[in-house]
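The values are calculated or read from the model by the stated rules, or taken from the named source; none is laboratory data. Predicted, not measured: the structure shown is a model, and the values here were computed from it. Positions of Cβ are generated from backbone atoms using ideal geometry, with glycine treated the same way; all protein chains shown enter the neighbour counts. With ligands, DNA and RNA removed, areas are computed over all heavy atoms of the protein, side chains included. Shrake-Rupley method; radii C 1.70, N 1.55, O 1.52, S 1.80 Å.
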Amino acid sequence: MRAEEVIASHGNTDFDAFAAMLGARRLYPGAVVALGSLNRNVRDFYRLHAEELGPIASIGDLDLSAIRRLVVVEARSATRLGELELVARDPAVEKVLFDHHGAGDLPEWVSPDAAVLSEDGALTTTIVGILAEREIEPTPLEATAFALGIHEDTGSLTYASTTQRDVDALAWCLRHGARQELVAEYLHTPLTVGERDLLQALLEALEPVDVGGDEVLVAAVHWPTYVDGVSNLAHKVVDLTDARALVVLVEMEGRVFAVIRSRTDRIDAAVVAAALGGGGHAHAASAIARLSLDEARAAVEQALAAAQRETRRARDVMSAPARTVRPEDTVGAAMALCRRYKQSGVFVAEDGRPVGSVRREDLDKAISHGLAHAPVRGIMSGRVLTATEDTPLTELQSLVTRAEDGRVAIVRDGALVGVVTRADLLRALERVPPEHEEPVESLAAELERVPALRPLIDAVAALGAEAEGVYLVGGTIRDLLLGEESFDIDIAVEGDAIAFARALARTLGGRVTTHEKFGTAVVQYGEGERVDVVTTRTEFYDAPAALPAVERASLRDDLFRRDFTINAMAASLAPDDLGRLVDPFGGRADLAAGVLRVLHNLSFIDDPTRIFRAIRYEARYGFRLEEHSARLARACIEMGLVGDLSSARLRDELTALLDDPGAVGGILRLGELGADRAVHPRLRADAEAAALFERALELRSELGLDVPPWRIGLAVLGRELSTEEAFDWLERLRVRRRDVALIVGAITVAPRIAERVETEELAPSQVVALAEAYAPDAPLLALARTDHPALREYFTRLRDVRLEIDGSDLAELGLTESPRVGKVLAELRRRKLDGELAGRDAELAAARELVEAGAES
């Protein structure tokens, strides 16, 4: 392909680079976007929307000698451009560089006049700014790609490198039609089996490296096969370990793929990547190096010392001079000072030394009691947290968080020289949340750290007295403590939940749907955000496995009705009580210990679906039912109560378990507890089932098949059922008819397909005839059983073989509409599958022969 203007970026292109290239194409309308290797989520997005995105070339298809202008995005090092490196270094080619990693040193291959540099959190933000200035309108899909780029490189606006421009650019994308459902889908793509295995290996390989007092986690792994998305796995490792700095090195196919992440200002990720020939910014960088794993690790360890920045200290962030009052000054004078300088409190000093502090809130209360004339010493706190000017920023974070009024006195030889407040700290950290761990009894800091909760907390605070007795409850608290990125928000109200929900909806500018009969409501607001609001209640079960009767109760009773202690916690949302943890049954301790514990001995008898939920939690979180709870689960199964569940509830629990990422372990646990035979006497959840399910999922991912895991799982569990038993069981579960046919086919036909391909020499058309009626489930399970080449060929080639002629062509040959049309087309496809026909002319000739033969007979 000949193109004089080309837009390119680094290999393993992420969404920020991909979106920036699309934006640059709007600035250079005649240029061609050239792609090399892409991150998996980018590749999936591009493949699905390639036609709508317009002409995009592969670098390998370009005639490099034809290029006269090269526009490079997010790659200062020419070595990161792969085949285009020589073009970048060719002085006869005009080069333009877009980059967001600050001014720094420019590469020798680009003129300073041709470099567009910024310090935005995402390069897409820089491009969007130019498009907005020039009033260039993107398509909704381009706006979606831009939004994905900004989200990815700013951690959805949470990274310390995020700027106000990133926020504005993201809002611009939304105004121009960015599709939020696509943003959510491609930001959080599920891991493939290969990615999960590599993630586990990386976690096992983690080693701490001390860099001048800062801990950097390093994981170096040799991997036998290429796995996409190492950067995504690094993000997962950071989430799972809460690492402040991480280096991931994966040797694959003769190269080392490096991803560096830093959540601290003291370690510069870009410096580490540069040692391997890569690039990036201070908080996220990457490289691909043709080194051995040992050589790459040695280079990283050597670079880490240079990557450490000088630690910021109190003198760098404090406000000075600190405004103070004397102990004998009046409450009114102290309040006037706070109002004048918009302070939340003030230190009390004597002879220049801090002796106490007083909060504005206390001053306000004292004035309301007519004590404006009283001396401050009467209401001040004598506890002042102090630090020296040399105190590191990390220590200041801890001190500010512990201080009653969020103020730390900075002293020199005992004399007050400055103050560090929450505002000072947040400015210094560029909105990075404090690291200090709150006391067990309060989750205020954890609540504040979740962006999705911020509007809710503010709205509840605005309601004042109406917010008394309002709590986040259940799984919301569990997921919050586990550090889950997203979770459902459930609120329990000790009082009138519907009245509260209506008030909350008004404050949030949302809408409310109420269910008066049950005392529940749903509040929807913003861009699809949802809050479930219920009245605290208790439940009574008239019979085992029946649905419960409900009545109002206290918060403790409401928590006691729940399934496990880890789901029986609450946190207050009241403004003056924010974050207070209510944990009457030891849920937090069980969560820390990885233990699942029921709240009472009849828990499983009341609701046997809790057994399946327990298995799902065990598999997902690596938890384990404690011994007594496991005995109660087995006793419930032995009493036959699982079989008494309503079919839809049992189906929902099974599908949720089999769709869970930990489903392989869940299958084994089903068998250990005997829950498989409780569902149906001939189900088998054993090691063979787990292995077959895992292999089928691997093949599903490898072959790109659209088969839900739960359908595969049900077929694997029911592999010993007869056709009649399978139909009967699935109909009792109220599975949809189409799914029933596919599952039964997988149960009964897959073994026959596997046997025939192993024992007979089948023509391709015979393989298709065997597999097609029950595809994709039955041939997928047959392949999982045998891994036979004939079945692989079915998925990779045969199933896509189509004739180039159709019924209209047969009509032109004189064959009128009749059953013979289908028979002739079927015979033609058989011949094409078996290699007897190639191309339209051959198909027409064969069709003419068949039509004429039919006419003669």
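If we sort 604-610, 220-226, 655-661 on the protection proxy, mean other Cβ atoms within 10 Å, highest first, what's the order?
Numbers: 604-610: 22.1, 220-226: 13.9, 655-661: 18.1.
With the highest mean Cβ count within 10 Å placed first, the list reads 604-610, 655-661, 220-226.
Can you give me the C-alpha center-to-center distance between segment 584-608 and segment 752-767, rounded to a whole angstrom?
When both Cα centres are located, 51 Å separates them.
Pop the C-beta distance of Glu83 and Ala114 into the FRET formula with R0 = 25 Å and round what comes out to the nearest 0.05. Each step should come with its number before you reach the end.
Details: r = 21 Å, r/R0 = 0.85.
Result of the calculation: an efficiency of 0.70.
Mind listing the phi-derived Karplus ³J(HN,Hα) values for segment 491-496, rounded to whole Hz, using 6.51, -1.76 and 1.60 with θ = phi - 60°, and x for any glycine or proline?
10, 10, 10, 7, x, 8
Rg and Dmax in Å for segment 228-289, alpha carbons only: what are they?
10.9, 34
Under a point spin-label approximation (7 Å from Cα along Cα-to-Cβ), what is the His515-Gln164 distance to one decimal in nm?
Between His515 and Gln164, the simple spin-label model gives 4.5 nm.
7 Å from Cα along Cα→Cβ at both Ala773 and Arg734: what's the point-to-point distance in nm?
So the two model labels end up 3.1 nm from each other.
What aspartates and glutamates does Lys365 reach when the alpha-carbon gap must be under 16 Å and sequence neighbours fewer than 8 apart in one chain are set aside?
Asp405, Asp576
Between segment 16-57 and segment 650-683, how far is it from one alpha carbon centroid to the other, in angstrom?
Taking the Cα centre of segment 650-683 as reference, the centre of segment 16-57 is 43 Å away.
For a quick check of your reading of the filter: which GluC sites (Glu not before Pro) in segment 679-776 sit in a DSSP loop and have no more than 16 other Cβ atoms within 10 Å?
Qualifying residues, ordered by number: Glu720, Glu760, Glu761.
By a straight-distance test (C-alpha under 16 Å), which lysines pair with Lys342 as possible cross-link partners, with residues fewer than eight away in the same chain excluded?
Lys342 reaches no qualifying lysines.
For segment 240-285, state which trypsin sites (Lys or Arg not before Pro) are in a DSSP loop and have at most 10 other beta carbons lying within 10 Å of their beta carbon.
Qualifying residues, ordered by number: none.
Report the charge-dipole magnitude of the chain in Debye, nearest 20, computed about the Cα centre from +1 at each Lys and Arg Cβ and -1 at each Asp and Glu Cβ.
1520
Using a cut-off of 24 Å between alpha-carbon atoms, which lysines can reach Lys832, once sequence neighbours fewer than 8 places away in the same chain are excluded?
Partners within reach: Lys823.
Run the quick spin-label model on Ala589 and Asp577: label points 7 Å from Cα toward the beta carbon, then report their separation in nm to one decimal.
Label at Ala589, label at Asp577, 2.4 nm between them.
Roughly speaking, what is the stretch gain from Leu762 to Arg802, that is 0.36 nm per residue apart minus the C-alpha to C-alpha distance, in nm to one decimal? Provide the component values of the computation, followed by the final result.
Details: separation 40, 0.36 × 40 = 14.40 nm, distance 1.96 nm.
Net length gain for the segment: 12.4 nm.
Over the chain, what is the mean sequence separation of C-alpha contacts under 8 Å (at least six apart), divided by residue count, expressed as relative contact order in percent? Before the final figure, lay out each step's value.
On the way: 1514 pairs, mean separation 42.6, N = 857.
The value is 5 percent.
Could you check how much of the accessible area of the chain is carbon and sulfur, as a whole percent, using a 1.4 Å probe?
Accessible surface attributable to carbon and sulfur in the chain totals 49 percent.
Would you work out which of Leu106, Thr144, Ala132 lies farthest towards the positive end of the dipole of segment 76-187? Charges go on Cβ: Lys and Arg +1, Asp and Glu -1.
Thr144
Any chance you could run the full-extension gain for Glu389 through Ala132? It's 0.36 nm times the residue separation minus the Cα-Cα distance, nm to one decimal.
88.1 nm
For the chain, what is the accessible area per residue in Å², given a 1.4 Å probe and the full set of protein chains? Please list the in-between numbers first.
Numbers: 38440 Å² over 857 residues.
Ligands and nucleic acids excluded, the figure is 45 Å² per residue.
Mind giving me the FRET efficiency for Ala66 and Arg179? R0 is 35 Å, r the Cβ-Cβ distance, nearest 0.05 is fine.
Given R0 = 35 Å and the Cβ-Cβ separation, E is 0.45.
Mind giving me the FRET efficiency for Glu672 and Tyr341? R0 is 60 Å, r the Cβ-Cβ distance, nearest 0.05 is fine.
In this case the efficiency is close to 0.35.
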